[in-house]
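S.K.: What follows is a structure written as structure tokens; I'll ask about it next.
Bear in mind that the values in this text are calculations on the coordinates, not laboratory data. Predicted model only: the values in this text are computed from it and were never measured. Every residue, glycine as well, gets a Cβ built from its backbone with ideal geometry; the counts of neighbours run over all protein chains shown.
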């Protein structure tokens, strides 16, 4: 039997889920930390096109760093919550120092992408700056604290569409719906496996941005019909999955002795 003073025992005491479920949730968060690298790669690969198309693609690199930082703070908040999310935890109820920093960095990253796309227009800079300034105030007062990130997300989608001409760039807005479906099911059922799906959905919007950039550079944007078809299939899948998710049992909570 492992001594409570051993490092492995102390680490496991901070994770109140176990086995494949814990591996899945932790790997999903690793994905969330690393996926902003896609923004760096797509910017490098399509640099010449972006220089001619958007205001300042250099800002995309800084945005990627901010997004990585946001994911790191999200991991920190989950660690504080010992990886078992309930409605009372900071990761769930939106009241936690690291949770606030996570969403603040996400919002700032999205704001920089918006400025990188259309920062030559004063109103784009004004909206992006206002979102970054307003977010911590709205978070601390718990007043529509997701509004700022929602506004900059929509701004990125509109500016990206105007720049690249591919409507798939609007699909990250659908991922908000998918994320909330997984997240609410997680809190209602206690099935911690849904934490991983929530994280994957919340983190994957950057792939659609990269797809739109690639298609714009190739001069082959997708049609609205194609995009709406993906949206319809995705929405139907989430609705079906939601009914299945709500039948999942609560995960066993593994509480280790204090060390």
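S.K.: What is the fewest-to-most order of 195, 45, 55 by other Cβ atoms lying within 10 Å of their Cβ? Please list the in-between numbers first.
M.R.: On the way: 195 27, 45 14, 55 20.
If I rank by nearby Cβ atoms, fewest first, I get 45, 55, 195.
S.K.: Now for a different question. Under the rule a/c < 1.5 gives rounded, and otherwise a/b versus b/c splits prolate from oblate, where does the stretch 174-239 land using the Cα gyration tensor? List each step's numbers first, then the result.
M.R.: Details: a/c = 4.66, a/b = 2.09, b/c = 2.23.
In terms of gyration-tensor shape, oblate.
S.K.: Pairs of Cα atoms under 8 Å, at least six residues apart: use those to get the relative contact order of the chain, whole percent. Walk me through the intermediate numbers first.
M.R.: Working: 368 pairs, mean separation 63.6, N = 259.
Once divided by the residue count of the chain, the mean separation gives 25 percent.
S.K.: Any chance you could check the Cα centroid distance between the stretch 233-250 and the stretch 109-183 for me, in angstrom?
M.R.: Using only Cα atoms, the two centres lie 27 Å from each other.
S.K.: Sticking with this one: State the Cα centre-to-centre distance between the stretch 11-53 and the stretch 207-223 in whole Å.
M.R.: Rounded to whole Å, the Cα centres lie 21 Å apart.
S.K.: If you don't mind, there's one more thing I want to ask. For a quick check: sort 156, 254, 238 by the number of other beta carbons within 10 angstrom, fewest at the front. All intermediate terms of the calculation are to be shown ahead of the outcome.
M.R.: Working: 156 28, 254 15, 238 19.
Ordered by Cβ neighbours within 10 Å, fewest first: 254, 238, 156.
S.K.: If you don't mind, there's one more thing I want to ask. Quick one: which of 88-99, 205-216 comes out on top by average Cβ neighbours within 10 Å, and what's the full order, highest first? List each step's numbers first, then the result.
M.R.: Working: 88-99: 16.9, 205-216: 20.8.
Packing proxy ranking, top to bottom: 205-216, 88-99.
S.K.: Which whole-number percent is the relative contact order of the stretch 47-185 (Cα, under 8 Å, 6+ apart)?
M.R.: Values: 158 pairs, mean separation 31.7, N = 139.
In percent, rounded to a whole number, it is 23.
S.K.: Just checking my list (1) 37; (2) 32; (3) 41 against percent of Cα pairs over 30 Å apart computed from this structure; which label fits?
M.R.: (2)
S.K.: Among 240-249, 158-167, what's the highest-first ranking by average C-beta atoms within 10 angstrom per residue? Show your work: numbers first, answer last.
M.R.: On the way: 240-249: 12.3, 158-167: 20.3.
Going from most to least packed, we get 158-167, 240-249.
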